[in-house]
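The values are calculated or read from the model by the stated rules, or taken from the named source; none is laboratory data. Being a predicted model, the structure only gives us computed values, none of them experimental. Quick reminder, even Gly has a Cβ in these numbers, built from the backbone with ideal geometry, and neighbours come from all protein chains shown.
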Amino acid sequence: MIGCLLLHGFTGSPYEVEPLAEHLKKFGWKISVPTLPGHGSEREDLNKVTWKDWILKAEEELRLLMQECSEVYVVGFSMGGMIAAYLSTKYPVSKLVLLNACVFYINPGQMFANMAEAIKSNFTADSKDLLKRYMQKSLSTPIRAVVHFRRLVKVLKPELDKVTVPTLILQSECDDLVEPRSAHYIYQHIQSEQKEIHFFTESKHILCQDCEKEQVLFTVETFLAKDLEGASIHD
């Protein structure tokens, strides 16, 4: 059986990768989409955990998958991408998928462009939702958690040089939280012989839930299906 671990981002939840998880379930794979400690609906618990707890939880879920599956893929979104890349250097992961992995976090240029667009459009429903997300993220995230998040990125960034598994890198060009140059950095630093990089011109940060979602699902499916017996994505 094939297994796939999907990891969400900082202050996020499984919702961020849910469309991809549901898509891959259709192929009979065993899917794991854990909520990292302190995340999900219990945001205040971020004050009670550290960056190491996030990694330990991801490792625990990966080991459980490996007990049941002969082949395991790891997908990571944003902060989850950094953790996923690190796990691929420690465990026999077959393939790695990185979605807006946060090597360089916060894209102020895109954020201000989005805010300017919202003002210019006289605050449409979409722009109001965007500004609401900015405010919620800013006001509800404990400073202590931000410190631990930045520590995680600092510690795991050098580990990218150790990645050797086949890797797919996807990046939104309109990402307002992760600088698109992160994708170029990852592509240049990982040591994988098989690596692909794709940019999505219209999507913002939550790539799996945005306007190019179907293209994202197809790109990931194509990459994961490659080299499977009979060119089929089914196990």
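Checking Glu202, Glu214 one by one, the residue that is closer than 27 Å to Gly3 by Cβ, out of contact with any His (no Cβ under 7 Å at 6 or more places or on another chain) and not polar (S, T, N, Q) is Glu214 and no other. Restricting Gly80, Gly76 to residues that are in contact with a strand residue (DSSP E or B) (Cβ under 7 Å, 6 or more places away or on another chain), under 22 Å from Ile106 (Cβ atoms), in a helix (DSSP H, G or I) and not hydrophobic (A, V, I, L, M, F, W, C) narrows the list to Gly80. Residues in the stretch 37-89 that are free of Cβ contacts under 8 Å to residues at least 12 places away in the same chain, over 18 Å from the mean Cα position of the chain (by Cα) and over 20 Å from Met1 (Cβ atoms): Glu42, Asp45, Lys48. Among the conditions (1) crowded, with 19+ Cβ neighbours inside 10 Å; (2) aromatic (Phe, Trp, Tyr); (3) more than 25 Å from Ala225 (Cα to Cα), the only one that Trp29 does not satisfy is (3). Considering only the stretch 74-83, I want to know if a residue exists there that is crowded, with 16+ Cβ neighbours inside 10 Å, among the hydrophobic types (A, V, I, L, M, F, W, C) and at pLDDT below 95. No, every residue in the stretch 74-83 fails to be crowded, with 16+ Cβ neighbours inside 10 Å, among the hydrophobic types (A, V, I, L, M, F, W, C) and at pLDDT below 95.
Listed conditions (1) outside any helix (DSSP H, G or I); (2) modelled with pLDDT of 95 or more are all met by Gly38, apart from (2). In the set Lys90, Lys30, Lys48, Lys57, only one residue is at pLDDT 95 or above and either in contact with a Pro (Cβ under 9 Å, 6 or more places away or on another chain) or among the aliphatic types (A, V, I, L, M) (or both); that residue is Lys57. Against the definition (touching a strand residue (DSSP E or B) at 6+ places or on another chain (Cβ under 8 Å), within 23 Å of Ser94 (Cβ to Cβ) and in a helix (DSSP H, G or I)), how does Leu24 come out, yes or no? For Leu24, the condition - touching a strand residue (DSSP E or B) at 6+ places or on another chain (Cβ under 8 Å), within 23 Å of Ser94 (Cβ to Cβ) and in a helix (DSSP H, G or I) - is met.
Restricting the stretch 1-21 to residues that are surrounded by fewer than 19 Cβ atoms within 10 Å (Cβ to Cβ) and part of a loop (DSSP other than H, G, I, E, B) leaves a set whose member that is nearest to the chain's Cα centre (by Cα) is Ser13.
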